[in-house]
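Here is the structure we will look at, set down as structure tokens.
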Amino acid sequence: MITPAFELSQEQHFLTITVHVPYARASEFDLYIDGEDFKLYAKPYFLRLTLPGRIVEDGREKASFDVDKGLFTIRIPKETPGQHFEGLDMLTALLAPKGSRSAKPLVEEMEGCAVTEEEEEEEFDWQIDQTPYVVTTEEELNSLCKYGFGNQRAGVFTRLQDELGDVIDVKSPDNTTAAERRLNRLAAEQDKFDPDHYLADLFEDDYIHHLLKYQPWWIEAKNEREKKLRTCLEQHTEEATVTFSEEEKEQLRKFTNKSYLFDKKASQQVWISLVDIILAYAYEVRATEGETNVESAWNIRKLSGTLSWLESYNSIQNVLESCGRRVLCYPLYRHFKLIVAAIHDTSVILQLGKACVLKCLLAVHRIFRENDPAYILNDLYISDYCVWIQKAKSKKVVALAEVLLKTKLRKADLGFELEELEAAALLVQEENRLTAACQVSRQRQSSSESEEETGDSGESSSCSSSGTDESDSEKGDSPGRAKDVQIKQPSTVEQKAGPPGATIIPVANPRAEQLDCAAELLADENAAISDSAVKKVQSASSSITRKLIEELGEQVHSVVKISEWSEGAASESCNMLQDEQAKPSVESTEHTVPGPAAAQQGNFLEVCPKRSPLLIIANCHEDVEDSWSVT
């Protein structure tokens, strides 16, 4: 007999069943409706369903058959109007198990046990107690080497040695306990971790941010569900936001309906391993933006410790740590934010209910089915998960989502010292930035200095040429021209660094007054000139100044009186002179003035400032012939 394709939908008072039976004759249809049982026979098709609620045959039922499309549709009233039938899209669970239902089953679930299980759901503990186990016999050792869905399989890889390396990372799973597999997994992850790859994705994260902005299909389903809840268009929206394609429905019909009996520990491990598989699938969808490729099967296997190392986890925290470590070791994009995004995606999938979880498992089943060695993992895990989740309680799925949201994962939990590695990388990056900035500043400084040297050489050459021209012209000009040029230099020096104790008293001499006026005019002009220009002019005309001084000493007949200091001030000035002579920048020269009067009164010379190339000293006595000393 052929099991036809079928779909179920519901309204408030009716249940609608649509069956695809092409080439069947309408006269040969046979229906059976009784409580939760529904049977349809139309040669060569036979369909038997166990419904989640009771239906009744009271004359309100209606049926129709579209010959062209081969669709048979029947509308059956509910026994309790308004009752919501949960899990109508779980097609495998609706199919009755094989064998005669009239025979008494070998293992029967009692109602008392069901009540106890329901009470246990409310206090379900997601943390598995770990107790040391001492192996005494070979039989007990073999019992510890089990793996697969609910740890119910063993000896599978004994006959599949050729495919072993392409499917899992355990070398000898049938002779390795769960504890040994865990230690080997941690060691392999520690060896595989590449700090350079991690830091490259950390600092060059443009495409990582692009992946983080991607919205998978379950985000759209969540938004649609929230929209329906806000508008109150549908009372029961847990399963209404997720739909299955025809290919997925066909796969659901092909699964063999089974019943699973687990103890408490095995049941917890099944739920926890489910989170591990969904995490790997969620990361794969985000990393490929929903476009599966030839590497998808490899990525899911590698990211899931359950599939690659046949791991049995004890808590949700262990699952997150294992998945986080493997994300930083194996895939192309290794970033901690992708781990956080995968955890959030998994929580959304669980919040949407078991229909969304089943859709994810069907996608993994299809990916493994199309990959040659990975189909073994379907037989070990995925096919059983697809059948089991259809009969699971929705309350447990929602409770698992809440536990996942409360569990936090930090970088320090992964064991790779990521925080220290990032801090060291930031220090190196800052050091490189400062080094580059220093190099740029040095280049700019060297270029500016070269420009200044170029400008200085041009100005000095121009000053030298102008000084040469002036010296040539001064030789042929009148002595008055030489006086004007000579006076310009000392006037500038006295304006900037003249000693406070000296006063220059012009004598009532018309020529001296003219010289003083000229000096004042020249001082005003020099105030507008920059210090650098003055230095250049001084250095350029230093050779000419001495000659001009000698000419000036012969022609000028003015008397400059220098104030006489007291003996106390003189001695203090001498002490100051001795102290300042220790400094290399200070220069002093002693001069003697001829005549006995000068020797008795003790005229002292002022300390020559740094930037003064000249110092002219005249005798105070009018009757003595003028004598000049130049330093």
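Of all residues in region 257-281, which are within 19 Å of D89 (Cβ to Cβ) and open to solvent by 70 Å² or more (accessible area, probe 1.4 Å)?
Across region 257-281, the qualifying residue is only K258.
Residue by residue, here is whether (1) at pLDDT 95 or above; (2) of a type in the set (D, E); (3) assigned to a helix (DSSP H, G or I) holds:
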| position | (1), (2), (3) |
| --- | --- |
| E239 | no, yes, no |
| F244 | no, no, no |
| N257 | no, no, no |
| A266 | no, no, yes |
| I277 | yes, no, yes |
| R286 | yes, no, yes |
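To keep it simple, each residue is scored yes or no on (1) of a type outside the set (G, A, S); (2) touching a residue at least 24 places away in the same chain (Cβ under 8 Å).
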residue	(1), (2)
F6	yes, yes
Q10	yes, yes
T18	yes, yes
S27	no, no
E36	yes, no
E57	yes, yes
S64	no, no
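Need the failing condition index for K146 against (1) open to solvent by 50 Å² or more (accessible area, probe 1.4 Å); (2) out of contact with any strand residue (DSSP E or B) (no Cβ under 7 Å at 6 or more places or on another chain); (3) at pLDDT below 90, just the number.
Only one criterion in (1) open to solvent by 50 Å² or more (accessible area, probe 1.4 Å); (2) out of contact with any strand residue (DSSP E or B) (no Cβ under 7 Å at 6 or more places or on another chain); (3) at pLDDT below 90 is unmet by K146, namely (2).
How many residues does region 429-464 contain that are over 30 Å from F203 (Cα atoms), open to solvent by 60 Å² or more (accessible area, probe 1.4 Å) and modelled with pLDDT of 80 or more?
2
Can E402 be described as closer than 30 Å to N257 by Cα, at pLDDT 75 or above, open to solvent by 50 Å² or more (accessible area, probe 1.4 Å) and in a helix (DSSP H, G or I)?
yes
In region 331-356, which residues are open to solvent by less than 10 Å² (accessible area, probe 1.4 Å), hydrophobic (A, V, I, L, M, F, W, C) and assigned to a helix (DSSP H, G or I)?
L338, I339, A342, V348, I349, L350, A355, C356
Restricting to region 18-70, name every residue that is open to solvent by 50 Å² or more (accessible area, probe 1.4 Å), in a loop (DSSP other than H, G, I, E, B) and in contact with an Asp or Glu (Cβ under 6 Å, 6 or more places away or on another chain).
Across region 18-70, the qualifying residue is only K43.
Please work out which one of (1) open to solvent by 40 Å² or more (accessible area, probe 1.4 Å); (2) modelled with pLDDT of 90 or more; (3) of a type outside the set (S, T, N, Q) is the condition L15 fails and give its number.
(1)
The values are calculated or read from the model by the stated rules, or taken from the named source; none is laboratory data. Predicted model, so just to flag it, every value in this text is computed and none were measured. A quick note on method: Cβ atoms are made from the backbone with ideal geometry, for glycine too, and the neighbour counts reach across all protein chains shown. Remember, those area values only see protein heavy atoms, side chains included, never the ligands or the DNA or RNA. Shrake-Rupley method; radii C 1.70, N 1.55, O 1.52, S 1.80 Å.
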